[in-house]
Every structure is written in C-alpha cells, then in structure tokens.
Amino acid sequence: MRRSPEDAIQRAVVQHYQQRRAPRVFMFSVPNGGYRRAIEAAIMSGTGTVAGVPDMIWIKDGRVHALELKGQAGA
C-alpha cells in the first residue's frame, strides 16, 4: 500500500489530538481517499460513501468542524 503525504499529516494531527485531548471533543477520520478497485468503489458507493467529504470530523459541544488535509502536491 502506498502512503500519501496527507497520511503523514493526518497521523501527526491524530497524535496531537491524543496528547492534548480536550473534554467533550469527539474526532474521527473519514477513510474516503486513495485508490480503490472498481468493486471496492461500487461497494463503498452502495453503502453511502460520498466523494468530497473532508478527511477528519471534529465535534465539540454540538458543533461540527471539518478538516481537509492536503500535502504540497494536492494544494
């Protein structure tokens, strides 16, 4: 499996979150990126995966924050 520059950025963000976790904050990643074989893409589409969803979602006190990560090549 090839890793993208965004993977390293995302891992750093998650590590930072884990070290400095704030009360009442829920964070999760959306694994939409990367290459998919046609059958995998069809399965994901059939289960509600939508292109363009941000990489990470943060919820605090009922407010939703989205974070889209880009490496230098994806800027």
- Message: I need the full set of residues from the stretch 25-38 which are among the aromatic types (Phe, Trp, Tyr) and assigned to a loop (DSSP other than H, G, I, E, B), in order please.
- Response: Tyr35
- Task: Go through Ala51, Ala66, Ala22, Ala41 for me and flag whichever is of a type in the set (Gly, Ala, Ser) and in a helix (DSSP H, G or I).
- Result: Ala41
- Residues satisfying the stated conditions in the stretch 34-70, i.e. among the acidic types (Asp, Glu), within 15 Å of the chain's Cα centre (by Cα) and loosely packed, with under 13 Cβ neighbours inside 10 Å: Glu68
- Is it true that some residue in the stretch 12-19 is in a loop (DSSP other than H, G, I, E, B) and open to solvent by 70 Å² or more (accessible area, probe 1.4 Å)? no
- Show the residue pairs that are 6+ apart or on different chains and have beta-carbon atoms under 8 Å apart, the first residue being within the stretch 6-33 and under 15 Å from Val64 (Cβ atoms), the second being among the polar types (S, T, N, Q). Ser29/Gln10
- Task: Starting from residues that are touching a Lys or Arg at 6+ places or on another chain (Cβ under 8 Å) and open to solvent by 50 Å² or more (accessible area, probe 1.4 Å), keep the ones in the stretch 24-33 and report whichever is modelled with the lowest pLDDT.
- Result: Arg24
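The values are calculated or read from the model by the stated rules, or taken from the named source; none is laboratory data. What you are looking at is a predicted structure, and each value in this text was computed from that prediction instead of being measured. Glycine gets a Cβ as well: all are built from the backbone with ideal geometry, and neighbour counts include every protein chain shown. Calculation scope for accessible area: heavy atoms of the full protein, side chains included, ligands and nucleic acids excluded. Shrake-Rupley method; radii C 1.70, N 1.55, O 1.52, S 1.80 Å.
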